[in-house]
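Take a look at the structure set out below.
The values are calculated or read from the model by the stated rules, or taken from the named source; none is laboratory data. Nothing here was measured: the structure is a model prediction, and the numbers come from that model. Cβ placement follows ideal geometry from the backbone for every residue including glycine, while neighbour counts extend to all protein chains displayed.
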Amino acid sequence: MKTKSKQQTQMHHLTMQHPLFGISTRQWVHLVKKNGGIDRKYLHRALFVTLTSLATAPIRTLFKIKYEKKINDVVLHDPPVFIIGHWRSGTTYLHELLSNDPQFCYTTLWSTLLPESCLILEPIKSFLARFLPSERPMDAIKVDIDGPYEDEAALAVLYPWSFFHCLHFPRNAEEQYLKSIHFQGLSPEEKNQWKAAYLKFIKTVMFMNHGKRFLSKNPPNTARISTLLELFPEARFIHIYRSPYLVYLSTKKMRMKVLDKLALQDASQEEIEKQVVSNYIRLMNSFFEQKELIPKDRFVEVKYEDLIADPMKHIHQIYETLKIPGFETATPHMMKYLERQSEYKTNVYSIDERIVQHVEKNWKFTIDRWRYTPPK
């Protein structure tokens, strides 16, 4: 008799839906070739992406004809606000809280799934939302097609190098990581293409929201500060950090659960473990180097544990430091969000001495910097 966990794993592998379904056919073929193909057991997912990509081709063409000039003409009157920090450090919580401020617009799950056709398909959005899972696999947060989401998901549809492709093509994760986050190995032309794709996506979101100020949440941007400043010299940055011990456990759990849902290739747990450890080191060291490029009045740092303990106190400090107006107007909206979240329970992890030693061996540089001790 099959155990419940085995049955769930098999169900996940049989899932055909995939967030790349809005990708252009040319981009899809290029992506598969560049990353070493699709493993046999995931061909049903590849077929789903192929068929939906072909089916949505006319819609992408219509979107381009109808909206491209209008999107290109969007002017950013206020500099974007970028929430950065390693995965599982509280970026989602902070993003959802700040997104309640009516002055902001933000990436939604809807805009990441169909970044080149979402406006055309708006009338059937509610129908498509029925096929989404009810909760995120890594933390049981409710999935809302109009809720705040990660910019990187859209970049995975628009561009061949994205951190999300580390999850789609785990055997090529090292090349994907280096090229998409640190831009290592990209030609100047390829890097400019990435910048153009990201800028156009941000303008698309702003166009959909009548030019509101853009609020971003995207952990890969933690190591892209210099490039973001080339695009947006006046940008504001909010860095959130959390206990490295818990980040380690949560990131491993996230990677395995997301791979189970999205992977197009097999990967060993040993390889995933190596990626989690090394990516953290590279991302955070790059962040510590690049954050010095940000003027002090455009950068603020917040400790996740402090934010959870007294959210509005630290949100107020963020607004004051970054000189973002409208805190009083936003406060009642944020308070309603906090009331709705009051019953949400974060994941609880058991941590033994072996894990403590493993994290301290590899990530001591952030443990010491932020003065964390092992959780009890």
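A few points about this structure:
- Scanning the stretch 361-376 for residues being touching a helix residue (DSSP H, G or I) at 6+ places or on another chain (Cβ under 9 Å) and closer than 16 Å to Lys252 by Cβ gives a total of 3.
- Hits in the stretch 197-247 - residues which are closer than 22 Å to Asp101 by Cβ and aliphatic (A, V, I, L, M): Ile202, Val205, Met206, Met208, Leu215, Leu228, Ala235, Ile238, Ile240
- Filtered by the rule that a residue be among the hydroxyl-bearing types (Ser, Thr, Tyr) and either under 21 Å from Ser180 (Cβ atoms) or under 20 Å from the mean Cα position of the chain (by Cα) (or both), the stretch 246-299 gives Tyr248, Ser250, Thr251, Ser278, Tyr280, Ser286.
- Some residue of the stretch 351-360 being within 30 Å of Lys274 (Cα to Cα), buried (at least 17 other Cβ atoms within 10 Å of the Cβ) and within 24 Å of the chain's Cα centre (by Cα): yes
- Evaluation of Met335 against the conditions (1) of a type in the set (A, V, I, L, M); (2) surrounded by fewer than 17 Cβ atoms within 10 Å (Cβ to Cβ); (3) closer than 25 Å to Ser250 by Cβ shows that the sole unmet condition is (3).
- Close pairs (7 angstrom Cβ cut-off, 6 or more residues apart or separate chains): under 14 Å from Leu20 (Cα atoms) in the stretch 44-67, part of a helix (DSSP H, G or I) anywhere: Val49/Trp28; Thr50/Trp28; Ser53/Thr25; Ser53/Trp28; Leu54/Thr25; Ala57/Thr25
- Number of positions in the stretch 247-300 that are in a loop (DSSP other than H, G, I, E, B), in contact with a helix residue (DSSP H, G or I) (Cβ under 7 Å, 6 or more places away or on another chain) and either at pLDDT below 95 or of a type in the set (A, V, I, L, M, F, W, C) (or both): 4
- Flag for Val49 being in contact with a Phe, Trp or Tyr (Cβ under 9 Å, 6 or more places away or on another chain) and either surrounded by fewer than 17 Cβ atoms within 10 Å (Cβ to Cβ) or among the hydrophobic types (A, V, I, L, M, F, W, C) (or both): yes
- Residue selection: Glu152 fails the criterion of being over 16 Å from the mean Cα position of the chain (by Cα) and modelled with pLDDT of 95 or more.
- Test: residue in the stretch 316-328 that is in contact with a Lys or Arg (Cβ under 7 Å, 6 or more places away or on another chain), touching a residue at least 12 places away in the same chain (Cβ under 8 Å) and either surrounded by fewer than 15 Cβ atoms within 10 Å (Cβ to Cβ) or part of a helix (DSSP H, G or I) (or both): yes
- Number of the condition not met by Leu264 [criteria: (1) among the aliphatic types (A, V, I, L, M); (2) under 18 Å from His95 (Cβ atoms); (3) surrounded by 19 or more Cβ atoms within 10 Å (Cβ to Cβ)]: (2)
- Applying a threshold of 7 Å to beta carbon distances and a minimum spacing of six or more residues, or different chains, the list of pairs starting in the stretch 170-195 at a residue that is touching a residue at least 60 places away in the same chain (Cβ under 8 Å) and assigned to a loop (DSSP other than H, G, I, E, B) and ending at one that is of a type in the set (S, T, N, Q) and surrounded by 15 or more Cβ atoms within 10 Å (Cβ to Cβ) reads His182/Ser286.
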